[in-house]
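First the structure, in the form of structure tokens, and then the observations on it.
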There are 2 protein chains.
Amino acid sequence: MGYVPALVDGTTVVSDSYAILLYLEEKYPQHALLPQDLVRKSINYQAASIVSSSIQPLQNMVLVNYIGEIVSPDEKLPWAQYHIGKGFVALEILLANYAGKYATGDEIYLADLYLAPQLDNAINRFKLDMTAFPLLLKLNKTYNETPSFQQILAETQQQHTDKSAFDFIKLQEA
Amino acid sequence: MGYVPALVDGTTVVSDSYAILLYLEEKYPQHALLPQDLVRKSINYQAASIVSSSIQPLQNMVLVNYIGEIVSPDEKLPWAQYHIGKGFVALEILLANYAGKYATGDEIYLADLYLAPQLDNAINRFKLDMTAFPLLLKLNKTYNETPSFQQILAETQQQHTDKSAFDFIKLQEA
């Protein structure tokens, strides 16, 4: 689409971060991104989809800047906050019964790779009031205290959300 | 998110059509939605993601109506056409080397479940000029000639895109 990451694995090119992560999961099962349990796995799929389909497309900077131009610059922040908040309501409910140290238990899984950069983006770039999202706020704190996330979050604070999840994999494999 | 389908399977509730389809794929492997070959599988993931993350969120009627209100009613159609067209450019290239009778070969897979309603939507609701997308146009013709798609497409021409893919599963299993 012109602005998503691409993975080149031998002669295979996979674009779109969700597709990349699912591809890596099957090609390199030694770095499991999904839990074995099917229900917990589906929680990861749902969390990833909420971020990638319901939040990210509506708060990416191309669209936010467009809203700023056609409506008003003052509308950019409320626009982004509204769409992120709507997704966060769903995530807070979705993860309530599954979260442990991380989003879906005590291991880092797919959901965390989407949540860490999205939370950072919401809090630091879009100044979202997190009062209604205590679980997500706790997860954000954990990510910021987890070394493998710290480096990525520091590097990508000004970058595209999708990229961070992908960089995490590279870091884990390094 | 308030407007996506939900699957209730015993005590498990899965929301979001992408998560539902991936859940069904693993829970009921007798109805394979993905090919065995990992590269071809990744083409399916990518096609599904393009529709669900890059097209659908930007052309759903809530957003299109919002654009109509804040900009102009005349902007609704160009807005939808622009975002669908951008995704179709990517899909036309993505599927070029993989399409057979259907999107990624001669069997119906995940990509088709996303493409059939999206193509119908683009052509019948948003009157998109398909001249630049000969492969997608051919696939649309095939879907309209495939009985299991015909019923769904007829039923959902006025409905949410995501819903059609999900109904297809129910129909297959009926």
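The values are calculated or read from the model by the stated rules, or taken from the named source; none is laboratory data. Nothing here was measured: the structure is a model prediction, and the numbers come from that model. A quick note on method: Cβ atoms are made from the backbone with ideal geometry, for glycine too, and the neighbour counts reach across all protein chains shown. Note: accessible area is taken over every heavy atom of the protein model, side chains too, but ligands, DNA and RNA are not part of it. Shrake-Rupley method; radii C 1.70, N 1.55, O 1.52, S 1.80 Å.
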Among B:D106, B:D112, which is in contact with a strand residue (DSSP E or B) (Cβ under 6 Å, 6 or more places away or on another chain) and over 21 Å from B:V64 (Cα atoms)?
B:D112
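Just to check your reading of the model, which residue among A:E145, A:E92 is among the acidic types (D, E) and surrounded by fewer than 16 Cβ atoms within 10 Å (Cβ to Cβ)?
On the way: A:E92 fails: surrounded by fewer than 16 Cβ atoms within 10 Å (Cβ to Cβ).
A:E145 is the lone residue from the list that is among the acidic types (D, E) and surrounded by fewer than 16 Cβ atoms within 10 Å (Cβ to Cβ).
If you go through segment A:20-49, how many residues are closer than 22 Å to A:A90 by Cβ and at the interface with another protein chain (Cβ under 7 Å from one of its Cβ atoms)?
Keep residues of segment A:20-49 that are closer than 22 Å to A:A90 by Cβ, which gives A:21-22, A:33-35, A:37-49.
This time we only want the ones that are at the interface with another protein chain (Cβ under 7 Å from one of its Cβ atoms), so: A:22, A:38-39, A:42, A:45-46, A:49.
The total comes to 7.
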What do you reckon, is A:S52 crowded, with 24+ Cβ neighbours inside 10 Å and either without any contact (Cβ under 8 Å) to a residue 40 or more places away in the chain or part of a loop (DSSP other than H, G, I, E, B) (or both)?
no
When residues of segment A:1-49 are filtered for being assigned to a loop (DSSP other than H, G, I, E, B), in contact with a Lys or Arg (Cβ under 8 Å, 6 or more places away or on another chain) and either open to solvent by less than 20 Å² (accessible area, probe 1.4 Å) or over 29 Å from A:F126 (Cβ atoms) (or both), how many remain?
2
Filter segment A:55-77 for residues that are more than 8 Å from chain B (Cβ to nearest Cβ) and polar (S, T, N, Q); the one that is least open to solvent (accessible area, probe 1.4 Å) is A:Q59
If I go through segment A:88-105 residue by residue, how many of them are under 22 Å from A:T146 (Cβ atoms) and assigned to a helix (DSSP H, G or I)?
5
